[in-house]
Structure formats: C-alpha cells, structure tokens
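Throughout, read-outs are computed from the coordinates displayed, never taken from laboratory work. None of these values were measured; they are calculated from a predicted model. Quick reminder, even Gly has a Cβ in these numbers, built from the backbone with ideal geometry, and neighbours come from all protein chains shown.
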Ligand code: BG6
Ligand code: MG
C-alpha cells in the first residue's frame, strides 16, 4: 500500500534541466574549453553541482587540470548564470499535468516531500507557487552522498514518516531511479525507455502521469 511520495524537482516538476544545461554549456565552453552535448547532459541530471563539473572535466579529459579553488569558482559562476535564468520563472513553468497530479495526490491523502539535489529547490518551488503541496524539502547540504546513493530519498521519506517500501519516488534521471530503488522504494520514471528502462513504472512525459495507474502498478508489483 502506498503511504507517500518523494519527488525530484528538476525535470519532473519543471524543466530547469534546460537552464542547468545552458549554464554549464557556457561555463564549459568559455572557461574550460570543453563543448558539452546532450549526451553529456544526461549524466549531469540529478547529480550535485560539483559532481556535474567533475563529469564535464572528465568528458573533456581535464579531470586533474584545476585546483579545488578554481573548481569552486567555475561552479559558482555556473550557479550565478543559472540563478539569472531561473529568476524569471513563474507558475507557467510548471510542467504539463503536474498541478493536477499534485492535487490528486493531496486529495488522496498521501504526504509529499522533495528529494532534489539542488540548493535552489526551495526558491524554485516558491517561484512556482507549489510550496503548499510539500510537507518537507531535503536540504542537500545535509547529505553525505549524492544520487545514485539512496540517502536523499531516505531522508525525504523520513521527513514525511513513510516506510521506504511504501514510498513512491518520481525521477527523470538514471541516477535518481537507481537511488529510489536502492532505498527499496517504487520508482516512477518520466522519460524515455532507452534512458529510464529500469524504472518500475515509466511515463513518457509529465502530462501522462496518472495516480490511478501508479496505485495499480504498485499493488500488482508489491501488493
Ligand atoms: C539537480 C539537477 O536537481 O540539482 C542537477 O538535476 C544539478 O543537474 C543539481 O546539478 C544541483 O543543483 P544546484 O541548483 O544546487 O546547482
Ligand atoms: Mg531531475
């Protein structure tokens, strides 16, 4: 029986993935001389700011080219750029179907919390006008490991007091699906089967999210 939901933010509730990509693309090109592409971007989804920079440096064959201080500067530059892009966000940037889906979950009485690796998550949820739906937001600064480690999803479930086996996690990233499953939760993916094939249930996009389908799949797979 489902007792609660933990949500990723970027790429599930709103399409900030495109802003993360645009900001990294610019910093990687201008500062590191590395041109990233959509395939590299898949590996940036769900992972922390510094881990994202490390993925880009590895892709460019420059993993040992910079000091920690320099890396912090590039990560900060990316975040400044990112913040300038997200400050225009409004409730119109909520992905299709999400408002109704959150309403349906609330109406059904399930608690929800946010398991986003982003330090900008509270600001974005506020800009989207969705704060009322989430009982809690995990503070990524308290984490010892990023996705695909299950820690963030476990903390998110702990905050709404739901047993992991009765918690549903929603994700658009491979690292996220792996983390949800490593926590023993039911993983709902939003995206392509080539990327998120491991999910316990997959929807092609947020407009197709359907609480009744999730409940039915959960019951048939877990009882
Ligand atoms: C995740 C994004 O939600 O947050 C990642 O999918 C991002 O791409 C990570 O790197 C950290 O975000 P921020 O806003 O703290 O830099
Ligand atoms: Mg995401």
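Worth pointing out:
- Highest-first packing order for the peptide set 212-221, 198-207, 39-48, 171-180 is 171-180, 39-48, 198-207, 212-221, based on the mean count of other beta carbon atoms within 10 Å.
- Taking all C-alpha pairs of the range 17-86, those more than 13 Å from each other amount to 59 percent.
- For the range 17-86: relative contact order, % (alpha-carbon pairs under 8 angstrom, 6 or more apart): 40
- Global form of the range 109-204, assessed from the alpha-carbon gyration tensor, a/c cut-off 1.5: rounded
- Two-decimal Rg to Rh for the chain - Kirkwood Rh, Cα set: 0.97
- Here the peptides 101-113, 69-81 are ranked by packing, the mean other Cβ count within 10 Å, and the order with the highest first is 101-113, 69-81.
- Rg followed by Dmax, in Å, when the range 45-89 is reduced to its Cα trace: 11.7, 36
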